[in-house]
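Engineer: One structure, pasted below without further comment.
The values are calculated or read from the model by the stated rules, or taken from the named source; none is laboratory data. Worth saying up front: this structure is predicted, and the values here are computed from it rather than measured. Counting neighbours? That spans all protein chains shown, and the Cβs are built from the backbone with ideal geometry, glycine included. Accessible surface areas use protein heavy atoms only, side chains included; no ligands, DNA or RNA. Shrake-Rupley method; radii C 1.70, N 1.55, O 1.52, S 1.80 Å.
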Amino acid sequence: KRVNIRDIIAPLSQEDFLSSIWGQRMRHIRGSAGRFRDLLPWHELNRMLCEHRLEYPRIRLTKDGLDQPAKTFMRQVQTRHGNAVMRIDVQALSKLLRQGALLSIDAVDEIYEPIKAVAENLERTLGEHIQVNAYASWLTTRGFATHWDVHDVIVLQIYGRKQWRVFGPTRA
């Protein structure tokens, strides 16, 4: 089943969302546990990490608001053609995640078809370019420092739970 805007904003109607929420104010919509679980299963996230050449800063680790240097979870390897490329060091990455780091992968819609389909659906509905980032953490430590975005953000909680602190706008 393809996820569309109505699935994301239910029980709100699309008309109410577009006229009174999108681009105007924050809205938390509580859903049932596992509502979006099939959108990005763990095995697919693991596959992305193993099969795609994800380089810093597209893949990042942050902990307690600080970016972790790429050299702490990536290593340089030689290709068959003798070129040096960066690859994820799975053991180092796993260790940092167990210590509370937050994994960020930008633009997963470019490498995973089900997410691409959701992004394209949202682009048609909202008339905006959509980029989907994935975040994963295993502990309750803070990943990002307090920050603000210059664009609207839609967050879909896929697994577990996360406490978000949302502040009012700092500028129009």
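Engineer: Compute the relative contact order of segment 103-162 as a whole-number percentage, counting only Cα pairs closer than 8 Å that sit 6 or more residues apart in sequence.
Structural biologist: Relative contact order for segment 103-162 comes out at 34 percent.
Engineer: For segment 44-172, go through all pairs of different Cα atoms, get the mean of 1/r, take its inverse, and jot down that Kirkwood value in Å.
Structural biologist: 16.4 Å
Engineer: Straight-line reach from residue 71: which aspartates and glutamates have Cα under 20 Å away, leaving out those fewer than 8 places along the same chain?
Structural biologist: 51, 55, 89, 106
Engineer: Something else about it: Roughly how large, in nm² to one decimal, is the mean projection of the convex hull of the alpha-carbon atoms in segment 50-93?
Structural biologist: 3.4 nm²
Engineer: With θ set to phi - 60°, apply the Karplus curve 6.51 cos²θ - 1.76 cosθ + 1.60 along segment 55-67 and write out the HN-Hα couplings as whole Hz, x wherever there is a Gly or Pro.
Structural biologist: Ordered by residue, 3J(HN,Hα) equals 10, 5, x, 4, 10, 9, 10, 10, 8, 6, x, 10, 5 Hz.
Engineer: Can you give the FRET efficiency to the nearest 0.05 for residue 150 and residue 72, using r as the Cβ-Cβ distance and R₀ = 25 Å?
Structural biologist: Between residue 150 and residue 72 the formula returns 0.30.
Engineer: Amide H of residue 89: which non-local residues (sequence gap of 5 or more, or other chain) have their own amide H closer than 5 Å, using H built in the peptide plane?
Structural biologist: When sequence neighbours closer than 5 places are left aside, the close amide H contacts are 74, 75.
Engineer: Given points 7 Å out from each Cα along the Cα-Cβ axis, report the residue 123 to residue 86 separation in nanometres with one decimal.
Structural biologist: It works out to 2.6 nm between the two label points.
Engineer: Using the crude model of +1 on Lys and Arg Cβ and -1 on Asp and Glu Cβ, and no other charge, please compute the dipole size for the chain relative to its Cα centre, in debye to 20.
Structural biologist: About 680 debye.
Engineer: Determine the dipole magnitude for segment 93-172: charges of +1 sit on the beta-carbon of Lys and Arg, -1 on that of Asp and Glu, nothing else is charged, the reference point is the Cα centre, and the result goes in debye to the nearest 20.
Structural biologist: 660 debye
Engineer: Normalising by the residue count of segment 1-132, find the relative contact order in percent from Cα pairs under 8 Å and 6+ residues apart.
Structural biologist: Relative contact order here is 24 percent.
Engineer: Still on this structure, I have one more. What residues qualify as long-range amide H neighbours of residue 132, i.e. H under 5 Å apart, gap of 5 or more or another chain, H built at 1.01 Å from N?
Structural biologist: Result for residue 132 returns 107, 108, 109.
Engineer: OK, next. Run lengths n ≥ 4 of DSSP H only: what is the helix-derived mean residue ellipticity at 222 nm for the chain, with -39500 (n - 2.57) per run over all residues, to the nearest 500?
Structural biologist: Calculated from helices alone, the mean residue ellipticity at 222 nm is -7500 deg cm²/dmol.
Engineer: Counting only heavy atoms of protein chains, what accessible area per residue, in Å², does the chain have with a probe of 1.4 Å?
Structural biologist: Dividing the accessible area of the chain by its residue count gives 70 Å².
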